[in-house]
Every structure is written in structure tokens, then in C-alpha cells.
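Report on the structure given below.
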Amino acid sequence: MKRVFFFLLFLSASISFSQNAVKSFFKLSRPEKCWVIFHPFAALKVMDLAGVATYRADSLKCDKTFDGDLNGGQLDAFRHAYWMALNVQKISRKKAEKLGVKHEKGNYLDFKKRKNEDCTLPDSVSCAMDLFNNRAGLEIGLKNRGSSEQELVEAVKSEVLNGNLKKIKKDQHGNLIDCDGKLIEKEAFKAKWNSTKCLIKSNE
């Protein structure tokens, strides 16, 4: 009953803050909705940060020091790490980490429903990549508490370029390859959770 009260309070506060916030809630996966219900006030603090991280990653597409890859590449790694770094500026590490885990659980449910994330079906390797970069982002955020948004961007960029995050291995044409450098045919991972994709350092 107490949780229902706090959830209703969250919705009330969200409505006064933004009608879009309420719409956003109903677009979340079931695990993410559970996180919001259990942490309504934390949710209010971080509700827009995923969008901020996506915007920042998109803005780096023209930066020639990055690979320009938003789906499994350096910019994907940046987006997840920066998102968590922002979150831990606003809420506790424990709550932020749980949010990241719930998001990935939502991706698994999306896979089961054949629902795409970033134009592709989620899979086990993409999930492992995201979780690794989420945890790295938490550490970056904790080390840079009190930093400006731009300073935080630079801190995450540095971690990407120094190889401290993870990305998915691809050839020079953007084709997926396994850890032995062999091309992965689309049929090999189509509609399969377990994948032969290969995680590598973000500067490789």
C-alpha cells in the first residue's frame, strides 16, 4: 500500500512537471517500471538523463576521433557510460546501478517479443557490453562528482579513447566479426539471444 501511495505521488509530481514524463513511464519496460515504482523520487531526478546521453552521443558523430558507431561502437559505449555517470550525480550508486540492470532486463524481454533496440534485436553480447559500460560510467561519475556536464563529457570521452570501455568487434566496413576475425553471417545471430559477437576494448 505504501508503494502504491509513493507511485501515485510520483505520477502527481510528474504531471505537474511534465505530461511527457507520464507518457514516458508507460513506454518503459516492465523491469524499468518496477524500478520507478520502488524509487519514485529518484526517478524524477533522472527521468530526462537518458535523453541527454543520447543527444550527447549523437552530437559526437562528426567527431573524427570516434568511430561514429551508435550501435555497438564507441558512441554506443559513450552513451551508456555517460548516462550512468549523469545518474550517479543525482542519485545513489546503488539505485543508478539497479536502473541500468533493469534496463538490460527490459532489453531481454524486448528480444523475446522481437522488439528492436536501436534498429536491431538485443542479444547476450550487446547486453554484456551495456552492463560493462554502465558500471564504468558509475565509476566515472563518482570520480567526477561536482564536475560540469561538459567536464563529465570529456571524462567519458577519455575513457572511451583510452580503451577502458567495451565495444563490439567489426571490420572496416562495419560488418560484425567474431573474436577470430571471421565474418558473422546475419542468419547466425538472427532471432538468437546467445551470439558469437566479440567484445573488445573501446580503442581497438
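The values are calculated or read from the model by the stated rules, or taken from the named source; none is laboratory data. Bear in mind the structure is a predicted one, so any value in this text is a computation, not a measurement. Cβ coordinates were reconstructed from backbone atoms using ideal geometry, including for glycine residues, and neighbour counts include every protein chain displayed.
Values computed for the structure shown
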{"item": "Selection status of Ala81, in contact (Cβ under 8 Å) with a residue 60 or more places away in the chain and not aromatic (Phe, Trp, Tyr)", "result": "yes"}
{"item": "Unmet criterion (only one of (1) of a type outside the set (A, V, I, L, M, F, W, C); (2) touching a Gly at 6+ places or on another chain (Cβ under 8 Å); (3) at pLDDT below 65) for Glu32", "result": "(3)"}
{"item": "Hey, Leu109 at pLDDT below 95, among the aliphatic types (A, V, I, L, M) and farther than 16 Å from Lys167 by Cβ or not", "result": "yes"}
{"item": "Answer from Lys157, Lys170, Lys102 - the residue that is crowded, with 19+ Cβ neighbours inside 10 Å, among the charged types (D, E, K, R) and under 12 Å from the mean Cα position of the chain (by Cα)", "result": "Lys102"}
{"item": "Where a residue in the stretch 37-59 is outside the structural domain of Ser24 (by TED's automatic domain parsing) and assigned to a helix (DSSP H, G or I) and its partner, wherever it lies, is among the acidic types (Asp, Glu) and surrounded by fewer than 17 Cβ atoms within 10 Å (Cβ to Cβ), with Cβ under 9 Å and at least six apart", "result": "Val52/Glu149; Arg56/Glu149"}
{"item": "Test for Ser59: is it at pLDDT 90 or above, surrounded by fewer than 18 Cβ atoms within 10 Å (Cβ to Cβ) and farther than 21 Å from Ser126 by Cα", "result": "yes"}
{"item": "Condition check for Asp178: out of contact with any strand residue (DSSP E or B) (no Cβ under 7 Å at 6 or more places or on another chain) and either crowded, with 18+ Cβ neighbours inside 10 Å or assigned by TED's automatic domain parsing to the domain that holds Ser29 (or both)", "result": "no"}
{"item": "Phe26 modelled with pLDDT of 50 or more, exposed (fewer than 15 other Cβ atoms within 10 Å of the Cβ) and among the hydrophobic types (A, V, I, L, M, F, W, C)", "result": "yes"}
{"item": "Contacts under 6 angstrom Cβ, first residue in the stretch 132-147 being among the polar types (S, T, N, Q), partner in a helix (DSSP H, G or I), 6 or more apart", "result": "Asn133/Ala77; Asn133/His80; Asn133/Ala81; Asn134/His80; Asn134/Met84; Asn134/Gly100; Asn144/Leu152; Asn144/Ala155"}
{"item": "Residues satisfying the stated conditions in the stretch 129-166, i.e. modelled with pLDDT of 95 or more and among the small types (Gly, Ala, Ser)", "result": "Ala136, Gly137, Gly141, Ala155, Ser158, Gly163"}
{"item": "Tally, over the stretch 181-203, of residues that are among the charged types (D, E, K, R) and modelled with pLDDT of 95 or more", "result": "1"}
{"item": "Members of the stretch 157-176 that are touching a Gly at 6+ places or on another chain (Cβ under 9 Å), outside any loop (DSSP other than H, G, I, E, B) and charged (D, E, K, R)", "result": "Glu159, Lys167, Lys170"}
{"item": "Of the criteria (1) at pLDDT 95 or above; (2) in contact with a Leu (Cβ under 7 Å, 6 or more places away or on another chain), which one Gly73 fails", "result": "(2)"}
{"item": "Answer residue from the stretch 60-83, given it is part of a loop (DSSP other than H, G, I, E, B) and of a type in the set (Asp, Glu) and is nearest to Val153 (Cα to Cα) among those", "result": "Asp63"}
